[in-house]
Structure formats: structure tokens, C-alpha cells
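A short worksheet on the structure shown next.
Please treat every number below as a calculation from the coordinates, not as lab data. Since we're looking at a predicted model, the values are computed, not measured. A quick note on method: Cβ atoms are made from the backbone with ideal geometry, for glycine too, and the neighbour counts reach across all protein chains shown.
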Amino acid sequence: MKKKIAIPPHFATRLLTWFIRDDLAEGVLGDLEEKFLQVAEERSLFLARISYWYEVVNYMRPFAIRKSKHLNPTIMVRHNLLLTIRNFKKHRSQFIINLAGLSSGIACVLFIFLWVTHEFQVEGFHEKEDRLYQLLGNHSQANGIATHYGVPADFLEAIQSEVPEVAHTIAWAPTGEVSVSVDGNYHKTEGLFASKDFFDGFSYRLLKGDPATMLSTKSGIVITQSLSDRLFKGADPIGKAMEWHFSGISQSLVVTGIVEVPKNTDNKFDYLMSWDYYFDDLMQYRGWSEHNALITVVLDAEFSKNIEAVKMVTSKINEVFKVRSSVFQDDFAKEGDENKLEFMLQKYADLYLYDNYENGKVAGGRIQYVHLFILIGIFILFIASINFINLSTAKAIGRTREIGVKKSFGASRGSLVGQYLMESVLLSLLSLAVAIMMVWSLLPYFNTMIQKDLTIGLNMETILMALSIILLVGIVAGSYPAFYLSRLKVLTVLKGKLGGKAGGAWGRKTLVVFQFTLSIILIASVMVVFYQMDYVMHKNLGYDRDNLIYFKREGKLMENHQAFIEEVKKLPGISGATLTQFRAGFYNWTEGVDWPGKTAENSVQFQQFFSGIGQIEMMGLEILEGRGFSSDFNEEQSVIFNETAIAAMGLKDPVGKTIRHYSGEKKIIGVVKDFNPLSLRDKIRPMVYLINPDRANYVLAKLNKGMELATIRKLEALHDTFNPGYIFEPKFVDQDYQQLYESEKQISRLSSLFAALAIFISCLGLYGLISFTTERRIKEIGIRKVLGSSAFGIVYLLSVDFSKMVLVAAVIALPISYLATSSWLENFAYHVDLPWWIFLVAGLGAFLIAWLTVGSQAYKSARINPAKCLKED
Amino acid sequence: MKETRLGEFEEVILLLVGILGEEAYAFRIAEEFKVQAGRSSSIGSVHSTLERLGDKGFLTSEMGKPGATRGGRRKRIYTITAAGRQALQTSRDFRMSLWNQLPDLAIDKLSLGL
């Protein structure tokens, strides 16, 4: 029988010798082996092994464990810290460049982060957000599918009674600008009509009032605290009376509640009024072809986040519509019209970011800007990090000798790695602190610029995200010197064999190219955005909006408007006045136009403008055929179309022909040149102009140039005599028009800021690199100068490398930015042709800035006195 | 000031060191403890107690001679010091004085009760 040789478990022995104090090792190993042999003899080898392990583990006691080689580990940390600070001081300019670059980059990213989170949080406060859906109508037309928010008001009752999957149906509609008064003191305000279930869907906070009853009486009104303060001067408004004035109507109301409207909602209002009042008393036209309500549904709790349920509810709603609307006879319906209107549900919280519709489907919207800025943020973070990495690695190469000396004194690799990592992590943490201070102090300016009210939210996620990004940057930046340089052999390093051209140069070059590629893309894109915005702002939309003001017609002006208009016309400084329904960015639409030759296929929606006499002329619209509205004729039966409408209807020689409008038979008296009442994102649509003083709710006036302010004062005085109490609040059409591009303007302002920062940070990086290179090559420069090289020769020598890099970056960046910007321009129905020179300017600009940065530094060192730099050694 | 009193386990180990004399090294002590006390203890815990007793000045130790066993490794032999003997004496005296104060009656009653 072969006897097993009893040897203690190898790994346990190694473990023991690894941790045990050296002076104890011999005795302990002996003791354990003795015990092992004894157990092996008396019991079994297996048990002996187990007992050996048990004994080893039992030796893991403080007294027996070897102390660290460094008697006090904090000394090493303190040493590293000291070296780090000394290094920062020694290379002060590079330290500042590094810090400035990284911290401004991080500050940008933090700003973008704040803005993006804010955008995503809009409407996020509704508790039932995951089952709150908006009903939209898709209207198939000869010129494509038009998606409208307005849907038939009868849906409120129909969905409630016929779609059991819907827990609550809410009908609401903005009232537009109205006047409210308490004891004859008038204020202008805007609010909503809202049905009883409003608070069952939307989580606006109620400060006072009973949500179950406060919207159920026609005389009830729920107001915000700010409106209450304006009307009741701080007194408790509940139960108090107030008057509500809309056009010529005045309604007495009683305040039944106070509501709070948070900042992060897109649906802002000052008051809520009874839907029943609107539906029963104010609506002129009702029925399944009138799209005058906004409908929001709350699905049953069990259907939250259930896409199938949404589809099912959508089809049920469409079914309800088909059944109910077929009973209702629409004079203007043609055969085959049934499938021309289809309803869809969109998540209510998505309405803000996804508000663009193409072919009846959601096609982006604001979300594109959000994505754009996330991209810009990533770009900038890249650019800033690349700087940091480049400068750190470049600087580290200059410290190879330090590594050599430390290693020859016995520094372990681990301690060197620790030192470099600590240095770069420390710097990145410092820049995070600086960045947070920058954001904190600049936030008010940023808020004015984007017209938002952002605050620094210190939640755990933000902090963790910022910290992890910054640690990542620090570790990546420190890892090249930490892991590569600390591996070098002492002798090579000390002999100085590792010259300036050592490894990493290639990597650095690639990074610089990448960095400039990103910067050039940003610059080119921003230039295109600016160019397009300039085009949009100054493009002739087909009407003259200069010095055109308008104000609401209400109260007594509903009755005696003719006298008022006559008086206004007489005022000096006024060149024209009329009633109008036109406002920049707004329109009514109708399908209620019938013409000879209309079929289901060629039917279109018309933008409808109720005008006063002279409006077309005041807006500078050219009449192509026939005549405009005139006070010499009775114009009640007259209609004017724009060119697009005539083309869409396919009418030849339109003037004199008769069409049917939902308000009666009309004769075409003229054709007007196209103009765009909306923004250049929208195409020009068919338009119909009619005379109807009852529905033309605004007064439009044209001021003479030069004395606008005095004229407006006179106008106000006149308004006050005609309409005492009501507030006169005129607006310039042009300002409204500019307002339509507010988001584009914000985007262009922001993106230009970020593009400037990107190029600035990139140049900081270049500056740091070139000053580092010249520092290293200063002896070479001295020798070259001694041998007769000219200053220019040396500048060339130093900058040619960098110029090449930027050139390569331009070659990569320009095609990319071309593709990116041309797809952005597609969003506009009317846009500039992409001019090639923009890309040339962007490329050359980046090149020039880079060259100036490098050149100035190179020139400085080229002028150095060779005696100075050569006197040492 | 170092703690100079003896814990129960410390006292036993110290006594065992005295008993074992030349053979007082960690493994033997642990074995002897098992034999005498009837419960086992790991060498590590014995060793840590020995170390503590050394710190208190009750023990000294030195390496013995290498022998044929243990792969030629030397043993660390512990010897009780005068202070160690003193501490044992004090501990025993203290207990004896306590025992002497214990009334016999109380013990009888206790036995009766059983």
C-alpha cells in the first residue's frame, strides 16, 4: 500500500506566509505543521487539511499580521499632495489653462444638463401622467394630412358614456385674452374653460376649494393666487363676486377656488371656468363637424403604460365618432368623406416635446433641440477632456527624470501610479468645484438668455453623475503617465533616451484632430443656424408688418365699432384702421367651403380670416385680380381667396364666380397674392377672406413712422372715452412675429455661445500644447538661432505640425456639418440654400484662430535670446 | 499603563507555560489546554494570548534549537517570568481569600436544597 505523503495544503501555507509577521513565521509554520502531521496520523489527511486551514484562518489576528512596509501610509499621500501642489505652481500657466479649459467645459455641460432635465420635466408633475392622453384629429386633405388639437366638443359626453376603458374625460379650451373686473377695476388675463373632471386628470395643486363642485356651476371660477392678488388685493377671494368680459358679453362669477400653476407646465392659465357655460351659452356652432374643444382622457389605472389598451381606446373613439357623426348631416360632406378624419391619442406629457406632426404621425418637435443640445454637451465634454488628457500626458513626459530618480530610490510602481492618478483626479475634482461655482454665479444670466427659471437641483443623481464623469476624465487623463511612464526602465529614463518624441505623440495628435473636428462642426452649424434665422427674420412674408399694431375689441367697442374706427382714422399719425381677426401665428380653419367641381379628393381646409374693410390694403397685400373689400359696396356676400386657394380649387377666371360658404352663398370679388400668416416652418395654405364684423375681434391700425409713441397715447385716450374701464393694450404685429421664432432664437443664442466656448477650449488646449513643446525644444531653438535660423523659420518649425492637424480636422468636419445642417434646414418650409462659403469661412476661421494661438506663442519663443536658454548645461 | 491583571484564559495559559517548562511552545500549549480543560482552542488564539502575556511582561520567549521534525523549523519557547509568577500568586491569593469568606452554611443549604 502506498502511503500518501502528508504535506500541508500548499495554498494555505502561501496565504499564511503572505500575511504573517516575519518574526513569527518560522515558529508558526512549525507549530501548524506539527499539528497537521499529528491530525493526519491520528485521524485522516482530509481532516488534517481542514484543521490546517482552520488554524491559518485563525491566525488572521491583528497581532500576527505583517504591518505595511510604509510605516505610515499617510506620509506617502502627503508627499504626493505636496508634489502635486509644487507641480501646479511650477507650471502655473499650464495649470491654469488646464483648469480653465476643463472647468468651463464642465460648466457648459452642467448648464445643458439643467436645461435638458427641465425640458424633460415639463408636465411631469401630473400624477396620472402615464395614463393621460390627448385626443388629436388627423384630417386627410388633398394637400396632405393636417393634425389639429381641436376636436368636436361632443366627444366629452360620447367618450364618457361609450368608452368604459376611459376613467375620466376632460374637455377644455383656452378662452384667449379677456378682461375681468371687480368693482369696475379691469384687468387683462387668460384662462381656460374646463369640464368638471379637470382635477381628476391634471395635478394642478388646489389651495382652496372643493374639486368636486367648484367647476360644476356656470358662475363658478377658480383663479390663481396671482390673479387673486391683482383683483382682491390680498383678501380671501373665496365666495367673492367678479365680472368676466368676453367680446360684448359680461358674466357675473363667484370665486370657488384657488389653484396653483407650477413653472414646469406648458399649459399656463390664470383662471378656470365652467365648461358647461362655454358649451351651452357661448358656442355658436356645435356638432360633429365643429372642432372647438380640447379633449384629454385618463385611462383606467389598469391600462397605465399599456400600448395595446391605447390602440383599443383609439379605435373605440373612432368608432364612436363614425356612428355618432353619421346621424349628423353636414352640408359640405362629399361622398367618400368618411375616412378623411381619423382621431389619435398622444401621451399628454409628450405634447410639449413632440409637437410636430407629419402625415398624421408624431414627427419630433422640441425634442430635436433637446437632442441637439445633448449632442453639443457631449461634444464639449469631449473637447475639454481631450485638452486635459493632452496637457497631462504632455506634461508627464517632461517628468520622466523624476520617475527615474524615484524608482532608483526604491519607489514601487504602485506608488508612482498612485501619484499620477491622484494628481489628475485632484485637478479634475478642482475643476468640478470651479465649474459648479461658475454655474452658480452665471445661472441668472443664463436664465435671462433662455427665458427660463432653472435652479441648481442638488439631487443624488446629479451629484453622482457629475462625480463619475469627472473621475472618469481624471483617471483617463492620469492613466497614460501612471501606467505607461511608471513602467519605464530606470536606466533608459535617467540616461534621457526617452526624448520628447516619446510615445503618446501620435495619440495626442489624433485627439487634437478629433477635438478640432468637433469644434469646426459646431462653428459651421452655428453659422448656418444664424444665416437661416437672419433669413427668417427679414424674409418678406408677403405682408408688411412694420408699424402695424392691433388690440382687442371688447366691451362697448363690440357695438359702436364703426364710429370708433372712423375716429381712429381721423387721428394724426394713423394711416389706416380697420377690424381684423388676423394675428401673426394664429388662424382659424374651415372645411365649410363648397365650389363647383369640389370632390372628396380635392377638398382642402382653408385658413379663414374675418376682415374689416381695408385690412388687405393695410397689410400691403397685392390684389392680383378683381378688387379688395370696399365700403362702396355691400360686402356681406363677397369673398376673396389667395392664389393658393384658387389653385387648390382649380377655378379658372375666378372673379365673379359663386361659391358656397357655411355662412351662405358668396361671390368671389378678388384674388390676393399669397402671404404667410404663420412662420416659415409652415407652408402657405389656401386662404379665404370674408367680411364679418361680429367675428373680427381685433382692431388693426397702421402708424406713421416717427411718432409711434405719441400716436399710441392718443389712441389710448380715444379708446378710453369709447370704452371706459377696459384696459388698452396694443401689440405690434412684428413683435408677435418675432415671438414665433423665440425657440429658434434661443437655440441660436445658446448654440453660438457653446460654439464659441468649444473653439475657445480647443485653443486653450493648443496653447498649452505649443507652450509645452517650445519649452521642451527651447535648447534646439537656441542652437538653431545661433546657427543663423530666422525667427520665421522657427515659427514655421513649431507651428507646421499643428496647422496640419487643424487642416485634417477641417477636411473631416466640413462634410459632416454639411449633412447635419442640411437636415436641420429641412424643418423649414422655406429655407436658405446652403451656401458653400459658410463652410469655407468655418474651416478657415478655425484654422486662423488655431494658427494665431500657436503662432503667437511660437513667435514669442522664436525671439528668445539664445544665450539665455543655452547658458545652462 | 499596561493592563496587568489576568483574564481567566490568560491565567490558564500562563499556568500551562509554567507546567510545560522547556516544551512550552504554542502548539504544545494548545494541545495541553485541550487535554487539561477538555475543550479545544486554535493555535492562533493561544498564540495571541501568549503574545499579550508577553506584552504584559509575564512571559518571555526565545527560539529553540532546530530539530529533525517540523522541516527543521525552530520552536518559539515561552518562559514564565518573575512578574508572571507574582501575578499567578496574586490571583490565587485573591481567590483563596474569597473562598475563605464563603460561609460553609450557605454551601450546606445549597446542597440540601439540591
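Could you pull out the pairs from A:K452/A:K745; A:K552/A:K666; A:K90/A:K407; A:K452/A:K714 whose alpha carbons sit more than 24 Å apart here?
Values: A:K452/A:K745 14 Å; A:K552/A:K666 28 Å; A:K90/A:K407 22 Å; A:K452/A:K714 36 Å.
Too far apart for the 24 Å limit: A:K552/A:K666; A:K452/A:K714.
Place a +1 charge on the Cβ of each Lys and Arg in the stretch B:8-113 and a -1 charge on the Cβ of each Asp and Glu, then give the dipole magnitude about the Cα centre in debye, rounded to the nearest 20. Write down the numbers at each step before the final one.
Working: 15 positive and 13 negative charges, 104 e Å.
Roughly 500 debye, rounded to the nearest 20.
Nearest 0.05, what FRET efficiency do A:S789 and A:L491 give at R0 = 45 Å with Cβ-Cβ as r? Let's see the in-between values first.
Numbers: r = 34 Å, r/R0 = 0.76.
Efficiency, rounded to the nearest 0.05: 0.85.
So if we plug the beta-carbon distance of A:E402 and A:E260 into 1/(1 + (r/R0)^6) with R0 = 51 Å, what FRET efficiency do we get, rounded to 0.05? Present the calculation step by step, with values, prior to reporting the outcome.
On the way: r = 63 Å, r/R0 = 1.23.
Efficiency, rounded to the nearest 0.05: 0.25.
In chain A, what is the volume of the convex hull around the alpha carbon atoms, normalised per residue and reported in Å³?
Details: hull volume 253.0 nm³, N = 873.
Dividing the Cα hull volume of chain A by its residues yields 290 Å³.
How tilted is helix A:92-121 with respect to the longest principal axis of chain A? Cα atoms for both, answer in degrees (0 to 90, nearest 10).
Once rounded, the angle reads 40 degrees.
Tell me, what is the FRET efficiency for A:K667 and A:R713 to the nearest 0.05, using R0 = 45 angstrom and their Cβ-Cβ distance as r?
On the way: r = 42 Å, r/R0 = 0.93.
With R0 = 45 Å, the Cβ-Cβ based efficiency is 0.60.
What would the Debye formula give as log10 I(q)/I(0) at q = 0.14, 0.18, 0.20 Å⁻¹ for the alpha-carbon point model of the stretch B:8-113, no solvent?
For the stretch B:8-113, the Cα-only Debye profile gives -0.63, -0.88, -1.01.
Using only Cα positions of the stretch A:467-612, each an equal point scatterer, no hydration layer, compute I(q)/I(0) via Debye at q = 0.10, 0.21, 0.22 Å⁻¹ and quote the log10 values to two decimals.
Each listed q corresponds, in turn, to -0.72, -1.31, -1.35.
Positive end of the charge dipole of the protein assembly as shown (Lys, Arg +1 and Asp, Glu -1 on Cβ, about the Cα centre): tell me which of A:N447, A:N602, A:T578 has its Cα farthest that way.
Most positive-ward Cα: A:N447.
What pairs in A:K128/A:K196; A:K804/A:K868; A:K322/A:K683; A:K316/A:K347 have C-alpha atoms more than 20 Å from each other?
On the way: A:K128/A:K196 17 Å; A:K804/A:K868 31 Å; A:K322/A:K683 30 Å; A:K316/A:K347 17 Å.
Exceeds cut-off: A:K804/A:K868; A:K322/A:K683.
What distance in nm separates the simple spin-label points at A:L571 and B:M96, each placed 7 Å from Cα in the Cβ direction?
Taking the two extended label points, one gets 12.3 nm.
Could you run the Karplus curve 6.51 cos²θ - 1.76 cosθ + 1.60 with θ = phi - 60° over the stretch A:476-486 and give me ³J(HN,Hα) per residue in whole Hz, x for Gly and Pro?
For the stretch A:476-486, the Karplus-derived couplings read 4, 5, x, 6, 5, x, 5, 9, 7, 5, 6 Hz, x marking Gly and Pro.
Toward the positive end of the charge dipole of the protein assembly as shown, about the Cα centre and with charges on Cβ (Lys, Arg +1; Asp, Glu -1), which of A:T774, A:I145, A:F732 goes farthest?
Farthest along the dipole direction, towards plus: A:T774.
How far is the Cα center of the stretch A:216-275 from the Cα center of the stretch A:698-728, in Å?
28 Å
Between the DSSP loop rule and a limit of at most 13 other Cβ atoms within 10 Å, which GluC sites (Glu not before Pro) in the stretch A:481-590 are left? All intermediate terms of the calculation are to be shown ahead of the outcome.
Numbers: sites: A:E554, A:E559, A:E566, A:E567; in loops: A:E554, A:E559.
Taking the stretch A:481-590 and a limit of 13 other Cβ atoms within 10 Å, the loop GluC sites (Glu not before Pro) found are A:E559.
Order of A:K233, A:K714 from fewest to most other C-beta atoms within 10 Å?
On the way: A:K233 10, A:K714 15.
Ordered by Cβ neighbours within 10 Å, fewest first: A:K233, A:K714.
Based on the Cα atoms of the stretch A:555-725, what semi-axes does the equivalent ellipsoid have, where each is the square root of 5 times one gyration tensor eigenvalue, given in whole Å with the largest first? Mind showing how you got there, number by number?
On the way: eigenvalues 199, 54, 43 Å².
They are 32, 17, 15 Å, listed from largest to smallest.
Which of the aspartates and glutamates could a cross-linker bridge to A:K556, judged by Cα under 19 Å and excluding same-chain residues fewer than eight apart?
A:E177, A:D183, A:E243, A:E566, A:E567, A:D694, A:E716, A:D720, A:E729
Past the 27 Å Cα-Cα mark, which pairs from A:K667/A:K702; A:K208/A:K305; A:K208/A:K263; A:K233/A:K268? Mind showing how you got there, number by number?
Numbers: A:K667/A:K702 29 Å; A:K208/A:K305 32 Å; A:K208/A:K263 19 Å; A:K233/A:K268 22 Å.
Table pairs above 27 Å Cα-Cα are A:K667/A:K702; A:K208/A:K305.
Using unit Cβ charges (K, R positive; D, E negative) and no other charged atoms, how large, in debye to the nearest 20, is the dipole of the protein assembly as shown about its Cα centre? If you can, show how the numbers build up before the last one.
Numbers: 108 positive and 102 negative charges, 1684 e Å.
Charge dipole, the protein assembly as shown, about its Cα centre: 8100 debye, nearest 20.
Rounding to the nearest 10 and keeping the result within 0 to 90°, find how far the Cα-based axis of helix A:791-825 lies from the longest principal axis of chain A.
40 degrees
So between A:N356 and A:S315, what do we pick up on full extension, going 0.36 nm a residue minus the alpha carbon distance? All intermediate terms of the calculation are to be shown ahead of the outcome.
On the way: separation 41, 0.36 × 41 = 14.76 nm, distance 2.23 nm.
Full-extension gain reported as 12.5 nm.
Would you work out the charge dipole size for the stretch A:555-725 about its Cα centre, treating the Cβ of every Lys and Arg as +1 and the Cβ of every Asp and Glu as -1, and quote it to the nearest 20 debye?
Values: 20 positive and 21 negative charges, 59 e Å.
Using Cβ point charges on Lys, Arg, Asp and Glu, the stretch A:555-725 gives about 280 debye.
Using a Cα-Cα cut-off of under 18 Å, which lysines could be cross-linked to A:K35, ignoring same-chain neighbours fewer than 8 residues away?
The reachable lysines, counting only those whose Cα sits under 18 Å from A:K35, are A:K4, B:K34, B:K75.
Along the charge dipole of chain A, which of A:V163, A:T314, A:P815 sits closest to the positive end, that is, farthest toward it, with unit charges on the beta carbon of Lys, Arg, Asp and Glu (+1, +1, -1, -1)?
In chain A, that residue is A:P815.
Need one word for the stretch A:10-58: rounded, prolate or oblate. Basis is the Cα gyration tensor (sqrt eigenvalues a ≥ b ≥ c); a/c below 1.5 gives rounded, then a/b vs b/c decides. Don't skip to the answer; put the middle values down first.
Numbers: a/c = 2.80, a/b = 1.80, b/c = 1.56.
Prolate, because a/c is 1.5 or more and a/b exceeds b/c.
Tell me the angle of helix A:413-450 to the major Cα principal axis of chain A, expressed in degrees between 0 and 90 and rounded to the nearest ten.
20 degrees
Report the label-to-label distance for A:T599 and A:L206 in nanometres (one decimal), using points 7 Å from each Cα along the Cα→Cβ vector.
5.6 nm
For the stretch A:85-122 and the stretch A:781-827, compute the distance between their C-alpha centroids and round to whole Å.
25 Å
Sort out for me the Cα centre separation of the stretch A:655-671 from the stretch A:430-488, rounded to whole Å.
The distance from the Cα centre of the stretch A:655-671 to that of the stretch A:430-488 comes to 66 Å.
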